[in-house]
1. Suppose R0 equals 25 Å; then what is the FRET efficiency for residue 169 and residue 197 from their Cβ-Cβ distance, rounded to the nearest 0.05?
2. For residue 152, what is the net charge nearby, where nearby means another residue's Cβ is under 15 Å from its Cβ and Lys, Arg count +1, Asp, Glu -1?
Amino acid sequence: MSATDLPPPALMTPPVEPGEIPHPTSAWPKVIGVITIVFGALGILVYGCGGLIGNVIVVALSGAAQSGGAIDPVNAAQMDVLRQYMPWTILSGLGSLALGVLLLVAGIGLLRRRSWSRKASVVWSILRMTYAIPTGVLGYIVNTAQFEAMEQAAASSSSPIPSGFFAIMHSLGPAGLGCGLVWGWALPVFLLSWFSRSKIKAEVAQWTQG
């Protein structure tokens, strides 16, 4: 069969009606989701492992060392204060641990584009900002009590620790409280501002409930 005997090729008719243009997928849920997951996991590790378990172990070991006379009076006074405020410290750690779990769940929901993740993030932000005030005050009270007990123990035991050291530590207390509040409010303020935008609300409303 020669080339002249072949049928003519079919003519391609271009589309005459516009098709649906796919909208690009936004990248912010992945970015903010990863950030919240990281901070949530860090909160669980810091307050769960470091704050609760760590403080209990340190106080228990120091009590055994103090009874055996293997700890100096200054450190013994510091441990006595920690032991005195241990119930409040445990309650504070449990609350922070729960907030870390909530933030972790909210971050997972953002990565999976679940509409409930916005409400979870907003609820966490409000709770975190509120909770940062009493926990910051508690930390300030505990630290101040520690410094005063250590200073008295150093004076009564003729410790070589210079008196100016405790004056510096006392002056750093209010600064530490302020820095703690700023750090505790940074991410919540950002999340509240972000999720209050009408554009973000409309996009999240289109996500599935899961």
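Bear in mind that the values in this text are calculations on the coordinates, not laboratory data. Being a predicted model, the structure only gives us computed values, none of them experimental. Note: ideal-geometry Cβ built from the backbone for every residue, glycine included; neighbour counts use all protein chains shown.
1. 0.05
2. On the way: positive: none; negative: 72, 80, 148, 151.
So the environment of residue 152 carries a net charge of -4.
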